[in-house]
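To start, the structure itself, in structure tokens.
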Amino acid sequence: MACGTALALPSDEQLLACWQEGRREALEELFRRYRLVAYRVAYRLLGNEADALDAVQEAFVKALTHLSGFQGLSSFKTWLLRVVSNAALDFGRQRGRREMLSMDMFGPAQREGLEPLVQAEPTRELERADLRRLLVEALDQLPPAQRQTFVLHAEAELSYREVADVLGISIGTVMSRLYYARQKLRALLESWTKNR
């Protein structure tokens, strides 16, 4: 089985076969292929860049050490995102949530040196940053099972079947969790949309 040519990208299955033949670069390509989606999933589950990077690194180590246990019952991407998702949730439980630095943590005297001297006009980029922050805060308020299901579907762009495979649940449960997650997110983000 060919590991790919300059013209055609090898499939995940071909890369796994090449790795089993001892070609380390095949495994490196697999991880390179999915590192961004793995990071996005971990970030949305943890809400902290450093924690997400640590969780992805730990997940990739776990995936590497347990790769021989991958039976091909699902796609490699689905299997890897299951490892990433579980590692992120474990990481969050073990380390505890880091509180984001907030201006509210400081009294008026301490805040004086931290506030900008000139207030900038709101821009589109600031609005996007606010929306991202609100989304992270809203995701934090979801129950862990709903958050994990939502992130795998919305951020990792997995189908209902793939999410069900990753989490080991039925498609009906995926649909139910997504429905309630969307309802709660809609309610939490409603105040932001009303002020636009």
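Read the figures in this text as sums done on the coordinates, not as results from a lab. Remember, predicted model here, so these are calculated numbers, not experimental data. Neighbour counts are summed over all protein chains in view; Cβ atoms, including those assigned to glycine, are modelled from backbone coordinates with ideal geometry.
Here the relative contact order of region 29-95, from alpha carbon pairs under 8 Å that lie six or more residues apart, stands at 41 percent. With contacts taken as Cα pairs under 8 Å at a separation of at least 6 residues, region 140-196 carries a relative contact order of 36 percent. With neighbour counts taken as other beta-carbon atoms within 10 Å, the residues Lys194, Lys62 rank, fewest first, as Lys194, Lys62. The GluC sites (Glu not before Pro) of region 136-196 that meet both conditions, a loop assignment by DSSP and at most 15 other Cβ atoms within 10 Å of the site Cβ, are Glu157. Given their separation in residues at 0.36 nm each and the Cα-Cα distance between them, Asp90 and Gln57 gain 10.6 nm when the chain is fully extended.
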